[in-house]
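Read the structure below first, then the notes.
The values are calculated or read from the model by the stated rules, or taken from the named source; none is laboratory data. Keep in mind it's a predicted model, so treat the numbers as computed, not measured. With ideal geometry, Cβ positions are generated from the backbone for all residues, glycine too; neighbour counts draw on all protein chains shown.
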Amino acid sequence: MAALLATSSPTAAAATRRAASTLLLQHGHAGLGLGLGLHPSMRTTSPAAAAGVVRGLKFQAQGATERKETPKDRYGNWTLPHPSYDRAAMEGVKLVHHPTDTVADKFASLVLLMFRTVFDLATRYPSHHAKFPPIKGARARPPDAATLAAELDKINVQSAEVDAALKEAKDNNKSTQLPEMSLADMRKQGLCFGPEAWLTRIVFLETIAGAPGLVAGMVRHLQSLRLMRRDKGWIATLLEEAENERMHLLTFLSYAKPGRFMRLMILLAQGVFTNAYFIAYLMAPRIAHRWIGYLEEEACTTYTRIIQDLDEGRLPEWEHLPAPEIALSYWHLPPHATMRDVLLAVRADESVHRFANHTLANVGTDAMNPFAQALPPASVCVSKAGFSKEEAEAWAEQAAREAKELSAAPDSRVQSKDSI
């Protein structure tokens, strides 16, 4: 076989390797699945190691151990332009809340709180406001360079009084510290989620989150056709938001396989929510955007809690889980990226949606989209709830001016002889 691969063309060799891998998956993994008593619909369909199954949902979490060829490299990048982030922006997402100044804002916030409360009770969502007990048998993690440098700086400036105060605080903390508990017991008692429960929640919510942008874009598109006038730049922003949420779903589906019950729940929820949001957007588009802004605030909180669980050792299954190929291509992540990098990128996206929808609600649906030319820097989007009307108008003027200057600048690129 080695001689045959060496003498054949690269294309034939690649095809042979793919065929061999397929045979191994069909026979090796099928036998393993039957040996474990798994339902055929729950067997792995990619070279991945199963991390667990949620009972009743037939939901399988998978960790990709082998990355395939990037679709972007094969077919080109067909996704809409979307924000990109550096490490500082992804780590610097702030949990901010837009004030409920008007009656409409209070109504949108109240409706969202009702939906969130019912969904949390139905899914037995753990409370992250309570103090988590220490994990039994968990080893202390070495601090990173930044944390170590900060601690050294503190040591250098601490006086005897500060040392005494720290010692007293440490003693008080020991007296109130909860007893150690194993991670399995914490999950069994509902104190924290495991990877399967988190993936179930993420996949379900992302199937819903992709609908509002598409519905709003469709309504404004049809309005533009009906009134025979331009849309003032809203449609592209809304459709990009919908696609971005869909890419979140496709990314997490690299780790999970929903069963029939999960798909049925998604079908029902999507049908009800999409039609309800369609009617709401026709009646009060400004309130609808405010409601989505508050929804994205909750999304930022959810992903922050997942990252917190990962950093504090409550999700050891995800510590070294590699990022899927679709995430590397979409967010331009480094080859060694892990699940934590994916969560950071998704949370940054949600903060941008939070910022955009609150801003669109502030300017009003008859105004020009302040993001028609460009979004503000990522450092602004991840740290503010949204622009006020005056800030949005100022940014729109600045972005339009910069775009005009860029278009007026001479093109310094080398022109091909075949270019026209």
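Val342 passes every criterion in (1) at pLDDT 95 or above; (2) touching a strand residue (DSSP E or B) at 6+ places or on another chain (Cβ under 7 Å) apart from (2). Checking each residue in the range 88-104 for being touching a residue at least 60 places away in the same chain (Cβ under 8 Å) and in a helix (DSSP H, G or I) picks out Ala88, Ala89, Met90, Glu91, Ala104.
Quick one: would you say Asn275 is out of contact with any Lys or Arg (no Cβ under 6 Å at 6 or more places or on another chain), buried (at least 17 other Cβ atoms within 10 Å of the Cβ) and of a type outside the set (Val, Ile, Thr)? Considered against the rule, which asks whether it is out of contact with any Lys or Arg (no Cβ under 6 Å at 6 or more places or on another chain), buried (at least 17 other Cβ atoms within 10 Å of the Cβ) and of a type outside the set (Val, Ile, Thr), Asn275 comes out as no. For the range 349-371, a residue qualifies if it is among the acidic types (Asp, Glu) and closer than 22 Å to Arg87 by Cβ, and the qualifying residues are Asp349, Glu350. Scoring Ala361 on the criteria (1) under 22 Å from Val93 (Cα atoms); (2) in contact with a Pro (Cβ under 8 Å, 6 or more places away or on another chain); (3) among the small types (Gly, Ala, Ser) leaves a single failure, condition (2). Can you tell me which residue is surrounded by the fewest Cβ atoms within 10 Å (Cβ to Cβ) among those in the range 290-344 that are among the basic types (Lys, Arg) and either free of Cβ contacts under 8 Å to residues at least 12 places away in the same chain or in a helix (DSSP H, G or I) (or both)? Checked the range 290-344; the qualifying residue surrounded by the fewest Cβ atoms within 10 Å (Cβ to Cβ) is Arg305. The set of residues in the range 360-377 being within 16 Å of Glu240 (Cα to Cα) and not in a loop (DSSP other than H, G, I, E, B) consists of Leu360 alone.
Looking only at the range 229-270, count every residue that is of a type in the set (Lys, Arg) and within 19 Å of Asn357 (Cβ to Cβ) and tell me the total.
In the first step, residues of the range 229-270 are kept if they are of a type in the set (Lys, Arg); the result is 229-230, 232, 246, 257, 260, 263.
Next, from what is left, pick out any that are within 19 Å of Asn357 (Cβ to Cβ): 232, 246.
Here the count works out to 2.
For Leu112, the conditions (1) at pLDDT 90 or above; (2) touching a Ser or Thr at 6+ places or on another chain (Cβ under 7 Å) all hold with the exception of (2).
Restricting Phe119, Phe132, Phe193, Phe107 to residues that are in a helix (DSSP H, G or I), among the aromatic types (Phe, Trp, Tyr) and either modelled with pLDDT of 90 or more or under 17 Å from Asp309 (Cα atoms) (or both) narrows the list to Phe107. Of the candidates Asp171, Asp231, Asp185, Asp163, the single residue that is more than 29 Å from Glu91 (Cα to Cα), at pLDDT 85 or above and either surrounded by 11 or more Cβ atoms within 10 Å (Cβ to Cβ) or not aliphatic (A, V, I, L, M) (or both) is Asp231.
Taking the criterion of being part of a loop (DSSP other than H, G, I, E, B), over 22 Å from Leu112 (Cβ atoms) and not basic (Lys, Arg), the residues of the range 202-244 that qualify are Met228, Asp231, Gly233. In this structure, Arg347 does not qualify as surrounded by fewer than 18 Cβ atoms within 10 Å (Cβ to Cβ) and assigned to a helix (DSSP H, G or I). Annotation note: Cβ proximity below 7 Å between a residue of the range 242-264 that is under 22 Å from Thr338 (Cα atoms) and a residue that is of a type in the set (Ser, Thr, Tyr) and buried (at least 22 other Cβ atoms within 10 Å of the Cβ) (sequence gap 6+ or interchain) occurs for Met247/Tyr330; Leu249/Thr207.
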